[in-house]
Each structure stands twice: as structure tokens, then as C-alpha cells.
Amino acid sequence: MNPDEVLCLEQVEKDFGNFTALAQVNLRVSRGTFVLLLGANGAGKSTLLRLLAGLSKPTRGRVLVAGAEPNYTPAARSAVGLLSHSTLLYDDLSARENLRFTARLYGLAAPEKRIDQALDAAGLGERQHHRVRTFSRGMKQRLALARATLHRPSLLLFDEPYTGLDQRASAALSQQLIQLKERGSTSVLVTHNLEEAVHLADRLVILRRGRVGYDAPWSGGSTAELGSLYEQHLG
Amino acid sequence: MSSTLDRPALGEERGFWGAAMAVLRKDLLAEWHTRERLSTMVFFVLLTLLVFNFSFELGGAALHQIGPGVLWSAFVFASLFGLHHTFAAEQENNCLDALLAAPVSRGAVYLGKMAGNLLFLLVVELLALPFFALFFNLSLEAYLLPLLGVFALGAGCLSAVGTLFAALCSNLRLRELLLPLLLLPMVAPVIISCVGTTAMIFQERNPEEYFPYLRILGVYWVLFSALSLILFDHVVEE
């Protein structure tokens, strides 16, 4: 694996019984790249993200994140931050308690200072002691992003992060993702929200029935152009 | 927002015991906020004892005949309530994914969860004991120490196997039905040993007579804790 590469998939296949969710997926992503991963429902996008997060093992092939296999190597999982349509937050804990739990799991040094910074960046400093159950969807997603980035991962995985967000909250989330991109994070974004994604991506991967149907740099363009390209390769 | 460039790609793995403690502390904190699990378990045990109190003459000889069975039936079914809660909070917002994606051993997650179940069950047992003594007109002084030993071993065995099966059933639609169906046959030796030992304690038998039962419980706890530690990773894997 090239030292500049954050993730590498070699001939990855994933079966669920007789159903092949992913077949012969090869992907190499360099540091600082923002990959937009598109595909129809059931194309294998979420399965691919689960493999990258170490939540699932490939049936065949190899998944490497920062040089190690995330499912077998706990330390490799610390290189990954995960944000999904579910918040991955405990509703009965406060915002600070949720982040403190994450800090403990990741063994972070000086956790309280980092938590203060993360809460401020998420605009939740005043609500830090309130239970997450009382938060709006937008606030929950801001906290979820703070949780996903608290340990400063090398690779960020976003699985439909715009789900359930209104226009304003979606724009705010995009703004945060742009800031992360500017700071050099490597990201893989799965979304159907092309309007938001079009400004973020610099590489486009389209999955078609578990296989990579399109993989090319995205040098920017309109939402219509992106939509048209997506339709062409949807199959 | 945190920068992603000021840190090496691979972080350090959290220590096994530190991770288990983190999971335990989180569960205890959530329980402190809601008091859902413990209140349900305590309420169920007290209700069971009350119903038996009205249904039978619980004093005198009944202590030896049905007392241990009443007590352990209440504990086993209360533990099922607790076990259902073990992974409910993890399922709510897919928190289990965040837990399993963290750089910690999955065995540590199991251990933290198991320790939580053990603590909750021990608290329930201790709170139920004075009420049991009240209903059975029992003076506890003579029995207290050996009873606490059996309670600890019984709770340990139930938590060790129960936590694994709670994880196994957490993704199933009929988990409320399947958990007792799968778990109760597995813990039958535990229930038999606990009821037998408790009966002998109430009969004030020589401790040497119930030591074999305690040994069975101890071996069962160690064996199934070790097995569950190994199997937990496979159980939570999709």
C-alpha cells in the first residue's frame, strides 16, 4: 500500500448467503481526497462503508485502512470516523457525556479540552449538559459529527448524513464538511443529496449491482451534470 | 472542529480493562439518568414475592419447601428484564455500530455489559432480601453470609450467559420471546444449584454439604464467561 493512500480495497467481495452484495471491488484513495460514492438502493454502498469501518469482514479480498485491516485490528479502527443517518448517540446521556464516552473508548489524551473545542465548534456549548433526547435533528447531527471527528480520524465515512435534515441544517452540515476537507481530511460520502454533494466531491465512484461501474476524478460541475453522469452509469 | 492532519493515522488501542470500564460507566450513567432498568427489575421481584405471599402461607415450613424456588424464580425473571435492556440503548440510534467501530476489543464490550448486568442483579437481590425475610418471618442474621455467596455466584452465572444471549437476540424481531426460550435451558444447572444451595442454607445444613453446588456455580461462571468472551465477536458480527 502506497504511504500516501489512506484506504485500499483489493478484489473485495461480500456475500450474504447466496446474494453477492459486492464483487471485485478495487479502490485506492489518497490522503485528502473527498470521494462521492453513488449508487441505486441495494448497490452495496452501505455494505462498502461497513467494511471500511471494520463493522463487517469481506468474504474475499482485502480491506486496508491506514495500512491495516479494520475488522481484525482495533487500532486501525481509530483511523476511522463514522457519521451516518442514525446519530450513533445515546439519547439518555447529555452531549458532553456522549463525547466523554467516545473520548474514553478512543483513549484520548486531555479529553475535556478536546470536548470543549468540539462542543464549541458544533455550537452546542450552552446545551452541553442537556440530554440528547431533547435536541432537534440538526443539533443531533452536529453533535454526531463532533463525535465522529473527536479522535481526529484519518478517514471519515458519511452514510446518508443529510437524511432528515431541513435545508438550513443540510447547508450547515455541508459547511462543516467543507471545513474538514480544507483541513485535509480524507472522506467517503454516500448520499442521494446531489445538490450538497456536488460542491464537496473531487472523485466520483458509482456502484452498480455491487461492482464499481464508474470511477473518475470530479473536477466540479453543476448538480444537473452530476445527475446526468449518475443516470448514465446507474444501469 | 478537529484537524485531521495533526495526528498519526493509527491511534493507540484502548486497554482492555479501560474499555470495559468505559462501557460499564456509560451504562451506569444512563441508568442513573433514567432508572428504567433497576426500577423495573426491583418492582417485578417485589411484585412476585407479594403475589406468592397472598397465594401461599409463606411462614413456617413453607420457607424450606417453596422459599428458595420463589426467590430464584423472581431473580431469574427479573434478570430477563435487565438483559432485554442491555442492548436496547445500543440499538436505539445504531449506537452498537459506534461501539464496535471503536478501537477496543469486542471482548471488553462484552465484559463491560456483563459487569453492568451483574451489578444490577446484585442490587436487586440485596433489595429483595429484606422483603423476603418479612414475608417468610425470617431472621436473616444466621443465613446472611452464605446467602450472599450464592446470590453473587448465581448472579454471575446468569449475567455471563445472559449478556451473550441478549446480544444474540438484540437484532431479532421476537427477541422478547426468544431470549427466555434460549437462555432458560442454558441456565437450568444454575437455577437447580442456586435453589438447592439456598434450601440447604435455610435448613442450616453443614456448609460442606452445599459446597459441591457452589463449586458447580463457580466452574459454570468461569467457563461460560470465557466462552462468551470468545464468542461475543462472532455474535455481534452481522
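The values are calculated or read from the model by the stated rules, or taken from the named source; none is laboratory data. What you see is a predicted model; the values in this text were computed from it and never measured. Please note: Cβ atoms are built from the backbone with ideal geometry, for glycine as well, and neighbour counts cover all protein chains shown.
Can you name the residue in segment A:178-235 that is touching a residue at least 60 places away in the same chain (Cβ under 8 Å) and of a type in the set (Asp, Glu) and is also nearest to A:Ala79 (Cα to Cα) among such residues? The extreme case among them is A:Asp202.
Annotation: of all residues in segment A:53-70 being assigned to a loop (DSSP other than H, G, I, E, B) and more than 11 Å from chain B (Cβ to nearest Cβ), the one that is surrounded by the fewest Cβ atoms within 10 Å (Cβ to Cβ) is A:Thr59. Taking the conditions (1) surrounded by fewer than 16 Cβ atoms within 10 Å (Cβ to Cβ); (2) closer than 22 Å to A:Leu108 by Cβ in turn, A:Asn18 satisfies each one other than (2).
Could you identify the single residue in A:Leu82, A:Leu36, A:Leu88 that is within 15 Å of the chain's Cα centre (by Cα), closer than 30 Å to B:Thr34 by Cα and in a strand (DSSP E or B)? None of the others qualify; the one that does is A:Leu82. In segment B:7-51, the qualifying residues are those that are aliphatic (A, V, I, L, M) and closer than 30 Å to A:Thr186 by Cβ, and the one that is modelled with the lowest pLDDT is B:Ala9. A:Ala76 meets all of the listed conditions (1) surrounded by fewer than 21 Cβ atoms within 10 Å (Cβ to Cβ); (2) facing chain B (nearest Cβ under 7 Å); (3) within 25 Å of A:Gln24 (Cβ to Cβ) but one, namely (1). Restrict the check to segment A:40-51 and report whether at least one residue is more than 12 Å from chain B (Cβ to nearest Cβ) and β-branched (Val, Ile, Thr). Scanning segment A:40-51, I find no residue that is more than 12 Å from chain B (Cβ to nearest Cβ) and β-branched (Val, Ile, Thr), so the answer is no.
What residue, of A:Asp116, A:Asp92, is facing another protein chain (nearest Cβ under 8 Å) and acidic (Asp, Glu)? Outline the logic, then answer.
Numbers: A:Asp116 fails: facing another protein chain (nearest Cβ under 8 Å).
Result of the check over A:Asp116, A:Asp92: A:Asp92.
Per the listing B:Val235, B:Val150, the residue uniquely modelled with pLDDT of 95 or more, on the phi < 0 side of the Ramachandran plot and not in a loop (DSSP other than H, G, I, E, B) is B:Val150.
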